[in-house]
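Q: Please find one structure pasted underneath; my questions will follow.
The values are calculated or read from the model by the stated rules, or taken from the named source; none is laboratory data. Values in this document were obtained by computation on a predicted structure and should not be read as measured data. Counting neighbours? That spans all protein chains shown, and the Cβs are built from the backbone with ideal geometry, glycine included. Remember, those area values only see protein heavy atoms, side chains included, never the ligands or the DNA or RNA. Shrake-Rupley method; radii C 1.70, N 1.55, O 1.52, S 1.80 Å.
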Amino acid sequence: MSTNDAVAFWDGLYAARPAATDPRPNARLVETVADLPPGDVLDLGCGDGGDALWLARRGWRVTAVDISPVAAERLTGRARAQGLGDLIDAAPHDLRVSFPEGRFDLICAHYLHTPFELDRSAVLRTAAHALRPGGRLLVVDHGSTAPWSWNQDPDARYPTPREVAAGLGLDPATWPVERADAPRRTATGPGGRTAEAVDHVLIVRRDG
């Protein structure tokens with residue numbers, strides 16, 4: 001399918017629900033980043049912008065991208081309204097075509113799943129190369145299907161964090177795996193619905 005198809009799908013998904021006034025950050029981001037010194041961060045698939053806003057409030061300089069112009073425009077508006085416009089650069093970007101420029105201390109990819117063709121391993125491998133020495137790539141994937149997910153395929157299989165790491169083909173001497181596990185949490189979906197969710201968490205660090 002074309003870029004236009006993917007943009008239309010994700011724009012429609014975001015436009016169909018009310019814009020979140022204060023989206024929350026992902027729990028795995030908070031526990032990972034809370035004690036890190038702020039620097040430059042790239043948010044791949046920024047969605048409603050909860051991660052980008054939380055990071056900017058803590059002094060991070062955020063580059064936030066999403067294939068959906070609706071998502072990027074909403075985040076830009078929220079950032080300006082909260083006085084964070086100078087710290088957040090949000091823009092639509094198709095990772096199937098190119099990768100954002102720059103070098104980063106942290107790159108986040110939360111639930112970077114799509115029904116459209118995407119060489120995710122290539123994207124994440126490029127992300128690892130875009131890290132500065134000492135920087136971290138945080139990949140958080142679904143390990144289970146939430147009742148409100150767009151993907152209700154009963155045969156869906158979610159690769160483990162170690163399988164994701166192996167698929168990147170990175171030299172472990174330069175990019176050691178810092179974390180690879182599958183914690184559980186209570187997730188909250190549209191309308192306040194809750195369900196137990198499994199996250200697949202991978203952190204790869206780039207050594208100097």
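Q: Quick check: the distance between the Cα centres of the range 1-73 and the range 160-208, to the nearest angstrom?
A: Value for the Cα centre distance between the two parts: 17 Å.
Q: Assign one of three labels to the chain, namely rounded, prolate or oblate, based on the Cα gyration tensor with a ≥ b ≥ c the square roots of its eigenvalues; rounded applies when a/c is under 1.5, prolate when it is not and a/b is larger than b/c, and oblate otherwise.
A: rounded
Q: Give, rounded to the nearest 20 debye, the magnitude of the charge dipole that the chain has about its Cα centre when Lys and Arg contribute +1 at Cβ and Asp and Glu contribute -1 at Cβ.
A: In total the dipole reaches around 440 debye.
Q: Could you give the length gained by full extension between Ser98 and Ser144, i.e. 0.36 nm per residue of separation minus their alpha carbon distance, to one decimal place?
A: 13.6 nm
Q: Among Ser121, Thr3, Leu55, whose Cα lies farthest out toward the positive end of the dipole of the range 1-155, if unit charges sit on the beta carbon of Lys, Arg (+1) and Asp, Glu (-1)?
A: Among Ser121, Thr3, Leu55, the one farthest towards the positive end of the dipole of the range 1-155 is Leu55.
Q: Using a probe of 1.4 angstrom, how much of the accessible area of the range 38-102 is carbon and sulfur, in percent?
A: Within the range 38-102, the accessible surface is 47 percent carbon and sulfur.
Q: Sticking with this one: Could you tell me whether the range 28-104 comes out rounded, prolate or oblate from its Cα gyration tensor? Rule is a ≥ b ≥ c as square roots of the eigenvalues, rounded for a/c under 1.5, then prolate if a/b exceeds b/c, otherwise oblate.
A: Values: a/c = 1.73, a/b = 1.24, b/c = 1.39.
Here the range 28-104 falls in the oblate category.
Q: Heavy-atom accessible area per residue, the chain, 1.4 Å probe: how many Å²? Working shown, then result.
A: Values: 10250 Å² over 208 residues.
So the chain comes to 49 Å² accessible per residue, rounded to a whole number.
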